[in-house]
Amino acid sequence: MNYELTIALKPDLAPEKSKNITGEVEAAVQRLGGKTVKVESLGVRSLAYSIKGSGQASFGRFQLELSPDKVRDLRSQLEREESIIRVLIVKGGGTN
């Protein structure tokens, strides 16, 4: 099934660390038997409200193919990463 994953990272991360987290996300998807179709960096944006003490976040968007029974496991793994301040996974991300 297709999913769109959006993550919000702490805005003060070094570019190297952001790139490492992107690799970790892709590896987690692969370990769960899924596939990353597309990765986009959406840059740093101001938040409507503070999340974990941050008024801004750096966003990344991933289009995935993943078994529905593995989505909860992926969310759990990503939420344990302290540099990720928010995780959103929605169905039907497509491959546009």
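A short reminder: the numbers here are calculations on the coordinates, not readings from a lab. Note that the structure is a prediction, hence the values are computed from the model and not measured. A quick note on method: Cβ atoms are made from the backbone with ideal geometry, for glycine too, and the neighbour counts reach across all protein chains shown.
Numerical summary
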item	result
Residue in region 23-41 that is surrounded by 14 or more Cβ atoms within 10 Å (Cβ to Cβ), of a type outside the set (Lys, Arg), without any contact (Cβ under 8 Å) to a residue 60 or more places away in the chain and assigned to a loop (DSSP other than H, G, I, E, B) present	yes
Flag if Tyr3 is part of a strand (DSSP E or B), among the aromatic types (Phe, Trp, Tyr) and exposed (fewer than 12 other Cβ atoms within 10 Å of the Cβ)	no
